[in-house]
1. Rounded to a whole number of µm²/s, how large is the Stokes-Einstein D of segment 59-163 at 10 °C and 1.306 mPa s, given Rh as the Kirkwood radius over C-alpha pairs?
2. Loop-only check: which GluC sites (Glu not before Pro) in segment 104-200 are DSSP coil with at most 15 other Cβ within 10 angstrom?
3. Please identify the helices of the chain, taking whole runs of DSSP H, that span at least 18 Å along their own axis as judged from the Cα atoms and have a mean Kyte-Doolittle score of -1.0 or higher.
4. Can you put 84, 158 in order of accessible area, largest first, using a 1.4 Å probe?
5. Express the Stokes-Einstein translational diffusion coefficient of the chain in µm² s⁻¹, to the nearest whole number, given a Kirkwood radius over alpha-carbon pairs, 4 °C and a viscosity of 1.567 mPa s.
6. Calculated from DSSP H runs of 4 or more alone, at -39500 (n - 2.57) each and per residue, what is the 222 nm mean residue ellipticity of the chain, nearest 500?
Amino acid sequence: MPHAQNCTETPERGLLSGDYPAQAPEAADGRVLRVTEAGEEILHRSLKPVTAGQYGGDELKGLIADMFATMYVAEGVGLAANQVDVDLRVFVYDCPDGDGTRHVGHICNPVVDELPAGERVLDEDDEGCLSVPGPYKPVARPDHAIVRGTDWEGNELVLEGHGYFARCLQHETDHLNGYLYIDRLPARARKDALKQMQKMRDEVMAKRAANAEKR
């Protein structure tokens, strides 16, 4: 998921220490990988769960580092494993909440809580995707999300977000279930997004390549 199209917030550190770096430390050890694009098979099916034997291993730790590095080069706030062509239920994020509080981390095997009907308030706002390079379209999602899963060592995690971070949590979990944001659009809007993607793709890719050169 890319940065919000019109975001002017300066994220606060929230629970992070005041000297927390501009990028998650894991990114320094990561490789920049190719981001998969709409139409590739791995983006359109549910992914495999992280298993007990994978927790705490160098392969999972390295994947998370690669995903952070790739996300920052692509100027995103979230990235799922199938966006770097890996069949595993993992995503990373560095995203502001509705009040500007910054959230940075990763989660394995996430599940979004079903909110009671009385607590569901839909927020319609522009949404984009690193795997649909370029266009943004309005998508309605609940403005509050709770996601449960584990960290890379198998410890339980509960993430709660409001506003933009809630959108990010839902967007990235959708990826792991085989859905892109354009799959939530009416047919005409989806067709237009794909058309815009073809026009904007080269410019987006050139910018990512330039960012990778600066690392």
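The values are calculated or read from the model by the stated rules, or taken from the named source; none is laboratory data. Everything numeric here is computed off the predicted structure, so don't read it as measured data. Reconstructed Cβ throughout: ideal geometry from the backbone, glycine too, with neighbour counts over all protein chains shown. Areas reflect the complete protein model, heavy atoms only, side chains present, ligands, DNA and RNA absent. Shrake-Rupley method; radii C 1.70, N 1.55, O 1.52, S 1.80 Å.
1. Details: Rh = 14.8 Å.
Estimated diffusion coefficient is 107 µm²/s.
2. Numbers: sites: 114, 119, 124, 127, 153, 156, 160, 172; in loops: 114, 153.
In loop regions of segment 104-200 (DSSP not H, G, I, E or B), the sparsely surrounded GluC sites (Glu not before Pro) are 114, 153.
3. Working: long enough: 58-73 (22 Å, 0.61); 164-176 (19 Å, -0.67); 187-214 (39 Å, -1.27).
The qualifying helices are 58-73, 164-176.
4. Values: 84 10, 158 90 Å².
Listed by decreasing accessible area, they come as 158, 84.
5. Numbers: Rh = 17.4 Å.
Estimated diffusion coefficient is 74 µm²/s.
6. On the way: 3 runs with 57 residues, N = 215.
That comes out to -9000 deg cm²/dmol.
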